[in-house]
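Take a look at the structure below.
The values are calculated or read from the model by the stated rules, or taken from the named source; none is laboratory data. This one's a predicted model, so the numbers in the text were calculated from it and none came from an experiment. Virtual Cβ from ideal backbone geometry, glycine too; neighbours counted across all protein chains shown. We work out accessible area using only protein heavy atoms, side chains counted, and drop any ligands, DNA or RNA first. Shrake-Rupley method; radii C 1.70, N 1.55, O 1.52, S 1.80 Å.
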Amino acid sequence: MKHTEGFLRLVEDARTRVREVDVERAQERVRAGARLVDVREDNEWAAGHARGAEHLGRGVIERDIEREVPDHSTELILYCGGGYRSALACDSLQRMGYTNVYSLAGGWKAWQEAGAPVEDEG
């Protein structure tokens, strides 16, 4: 997808405040207890997602996160299609007081390219 300049500026600004992890490190952290959160749209989630991931779409994560993850120190690794929306979501969660939030570098695309485990709704 070709992103607009304004969107890319917004993402780059968020990335100055957000920590990113690669797929290998994300898998290690999930095995150690981190929660993997897919922030993509419902139809993207239904088409396939990382095994063991939870779904909190970008459009509702700020509204629902404190119900789903009340402990603001919980380690969260967020991913989207390519790592842009997850960076924005991480930035928002940090502003809400979450202290242990990471964005998956390269997102779902990187997860699939690494051959990491996936599942679908079916």
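Considering only residues that are of a type in the set (D, E, K, R) and over 15 Å from the mean Cα position of the chain (by Cα), which ones fall in the stretch 45-64? 63, the sole residue that qualifies. Filter the stretch 98-118 down to the residues that are β-branched (Val, Ile, Thr) and surrounded by fewer than 19 Cβ atoms within 10 Å (Cβ to Cβ) and list them by number. Result: 99, 118.
Would the stretch 59-71 turn up any residue that is touching a Lys or Arg at 6+ places or on another chain (Cβ under 8 Å), at pLDDT 95 or above and over 15 Å from residue 19 (Cβ atoms)? Checked against the condition, which is being touching a Lys or Arg at 6+ places or on another chain (Cβ under 8 Å), at pLDDT 95 or above and over 15 Å from residue 19 (Cβ atoms), the stretch 59-71 yields at least one hit. Which of the residues belonging to the stretch 16-47 are among the small types (Gly, Ala, Ser) and surrounded by 16 or more Cβ atoms within 10 Å (Cβ to Cβ)? Of everything in the stretch 16-47, those that are among the small types (Gly, Ala, Ser) and surrounded by 16 or more Cβ atoms within 10 Å (Cβ to Cβ) turn out to be 26, 34. Suppose we keep only residues that are hydroxyl-bearing (Ser, Thr, Tyr) and open to solvent by less than 60 Å² (accessible area, probe 1.4 Å) within the stretch 65-97. Which one would you say is farthest from the chain's Cα centre (by Cα)? Per the stated criteria, the residue is 74.
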